[in-house]
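**Q** Structure below; questions to follow.
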Amino acid sequence: MRIRMLMVMLLITLVAGALIPAVAQDLPGGVPAELPDGVLTEDFTVDFGDFTSNAQLTYPAEGDGPFPTLILIHGSGFADMDFTQFGLDGGILSTIFRDIGYYLPTQGYAVIRYNKHYVDGPGQFDFQAFTGLRPPQLVTDASSVLDVALELAPVDPEQIYIYGWSEGSAIGTTLFVQRPDDLAGLILQGALGIPFVDALVFQTVDVTGEYLRGLAPDGVLTEDLLLEAAADPNAGLVIQGTVQGVLLARNQLTFAIEGLSPAIDTDGDGVIILDDWLADVPPFFEQLLGQGQFVESITTQVDALAAIDKPILQLHGSNDANIPPEAALAVDEALAEAGHSDHTVIIYDGLGHSLGLAETVFADNFAPIALEPLADLVAWLDERTAESVD
């Protein structure tokens with residue numbers, strides 16, 4: 001059977017999960033859910049034109065302010081200010097922006113978090129309007145947040161850093177290139193150092209495809225085999241999102257699984273030939289890319305970054321199932337070749353896309369951010385902010 005990939009939506013979070021409201025809870029990471037002692041908050045809003053975004057500043061209660069500040073820029077999806085990541089069952093996997101926003105003020109830094117355009121909170125968003133968002137608008141939104149940040153009393157306007165995760169790494173890089181005089185440095189987590197289409201192919205072919213090949217050495221996918229994959233607790237969100245959201249069909253009302261997806265099993269014979277499906281993946285994403293829906297690789301802006309020559313830090317997990325660590329290394333190598341003087345990349349063994357624990361790339365499941373990268377981030381900031389004072 002030859003597969004025709006008519007339509008694929010690689011939404012990491014199904015709507016059924018995203019609509020379940022989040023509740024503060026301690027997750028298996030190093031940062032507690034409640035606001036730490038010694039940390040103050042200031043809520044504010046940002047005008048995005050047709051939408052008002054709720055935002056929050058967290059900063060130290062003590063110390064000599066104003067404070068060096070990080071602005072956190074989200075990855076893809078319906079991201080609230082905490083970046084509440086839901087699993088397919090509706091449970092919360094992590095809230096790493098909240099974790100960063102709560103941890104850094106205990107170390108002397110301020111953090112700004114904001115809801116993405118058309119997102120009102122965890123699982124609360126305007127789906128129809130959101131589908132029309134494009135990268136230039138996201139850059140404009142981040143720039144509007146920066147405008148407000150420059151006027152906040154606890155924020156040191158000479159020491160504002162951009163922190164971009166995944167898609168946000170590219171959005172943040174573009175903002176950094178556009179407004180270098182207003183920013184002190186750039187921090188990238190899970191950096192998009194390869195073309196977006198290559199990242200999508202990596203997720204689908206190299207991660208999900210290889211996982212399924214381990215289950216089906218003969219390359220024949222059946223409903224029973226995919227249901228086995230869907231029930232595998234060691235298969236992370238990239239794999240589950242593809243298996244449950246693409247290869248298997250769901251009832252639009254109940255979300256119950258109802259056999260193989262007719263968009264993939266087009267002849268209805270009850271099997272999917274793995275290699276045939278995987279062969280259709282790259283051209284499908286190439287077609288989508290041609291519609292201008294995705295951000296560009298950070299490597300396309302290396303020359304501009306080198307000309308600015310302000311410090312850049314990259315943090316990347318070795319078992320990142322969304323963007324391979326080679327992407328961060330490619331950015332770092334390109335910066336070196338362009339003559340950039342202060343660029344650092346740290347690859348963390350056993351961590352995933354969220355910089356949380358991931359024993360393998362297949363098991364990367366957006367776990368809460370580990371303390372090690374947070375400590376390294378603080379050490380890097382301490383060195384740069386001390387240099388600025390000197």
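**Q** Identify, by number, the condition in (1) assigned to a loop (DSSP other than H, G, I, E, B); (2) modelled with pLDDT of 95 or more that residue 65 doesn't meet.
**A** That leaves (2) as the condition not met.
**Q** State all residues of segment 280-303 that are without any contact (Cβ under 8 Å) to a residue 60 or more places away in the chain and within 24 Å of residue 211 (Cβ to Cβ); if no residue qualifies, say none.
**A** 283 - this is the single residue of segment 280-303 that is without any contact (Cβ under 8 Å) to a residue 60 or more places away in the chain and within 24 Å of residue 211 (Cβ to Cβ).
Per-residue answers, yes or no, for (1) more than 19 Å from the chain's Cα centre (by Cα); (2) crowded, with 19+ Cβ neighbours inside 10 Å:
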position	(1), (2)
329	no, no
338	yes, no
361	no, yes
370	no, yes
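Matching residues to (1) part of a loop (DSSP other than H, G, I, E, B); (2) out of contact with any Phe, Trp or Tyr (no Cβ under 8 Å at 6 or more places or on another chain); (3) free of Cβ contacts under 8 Å to residues at least 40 places away in the same chain:
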site: 305; (1), (2), (3): no, no, no
site: 320; (1), (2), (3): yes, yes, no
site: 329; (1), (2), (3): no, yes, no
site: 340; (1), (2), (3): yes, yes, yes
site: 347; (1), (2), (3): no, yes, yes
site: 355; (1), (2), (3): yes, no, no
site: 366; (1), (2), (3): yes, yes, no
site: 375; (1), (2), (3): no, yes, yes
site: 381; (1), (2), (3): no, no, no
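**Q** Among the residues of segment 90-100, are any assigned to a loop (DSSP other than H, G, I, E, B) and under 30 Å from residue 230 (Cβ atoms)?
**A** Yes, segment 90-100 has at least one match.
**Q** May I pose another question? Could you tell me which numbered condition residue 194 fails, if it satisfies all but one of (1) surrounded by 24 or more Cβ atoms within 10 Å (Cβ to Cβ); (2) in a loop (DSSP other than H, G, I, E, B)?
**A** So the condition that residue 194 fails would be (1).
**Q** Do the conditions hold for residue 87, that is, is it farther than 20 Å from residue 149 by Cα, within 12 Å of the chain's Cα centre (by Cα) and either in the same structural domain as residue 374 (by TED's automatic domain parsing) or surrounded by 20 or more Cβ atoms within 10 Å (Cβ to Cβ) (or both)?
**A** no
**Q** So the check is Cβ under 7 Å with 6+ separation or different chains; which pairs have a first residue in segment 123-152 that's modelled with pLDDT of 95 or more and a second one that's among the hydroxyl-bearing types (Ser, Thr, Tyr)?
**A** 139/174; 145/114; 149/69
**Q** Something else now. What are the residues in segment 205-259 that are of a type in the set (Ser, Thr, Tyr) and within 25 Å of residue 320 (Cβ to Cβ), if any?
**A** 208, 211, 242 - these are the residues of segment 205-259 that are of a type in the set (Ser, Thr, Tyr) and within 25 Å of residue 320 (Cβ to Cβ).
**Q** Could you figure out which of (1) under 24 Å from residue 58 (Cβ atoms); (2) part of a helix (DSSP H, G or I); (3) acidic (Asp, Glu) isn't true of residue 156?
**A** (2)
**Q** Can you say whether residue 229 is of a type in the set (Gly, Ala, Ser) and under 25 Å from residue 268 (Cα atoms), as far as the supplied structure shows?
**A** For residue 229, the condition - of a type in the set (Gly, Ala, Ser) and under 25 Å from residue 268 (Cα atoms) - is met.
**Q** Are any residues in segment 210-243 surrounded by 21 or more Cβ atoms within 10 Å (Cβ to Cβ) and more than 21 Å from the chain's Cα centre (by Cα), and if so, which ones?
**A** 211, 212, 221, 226, 229 - these are the residues of segment 210-243 that are surrounded by 21 or more Cβ atoms within 10 Å (Cβ to Cβ) and more than 21 Å from the chain's Cα centre (by Cα).
The values are calculated or read from the model by the stated rules, or taken from the named source; none is laboratory data. Predicted model, so just to flag it, every value in this text is computed and none were measured. Neighbour counts are summed over all protein chains in view; Cβ atoms, including those assigned to glycine, are modelled from backbone coordinates with ideal geometry.
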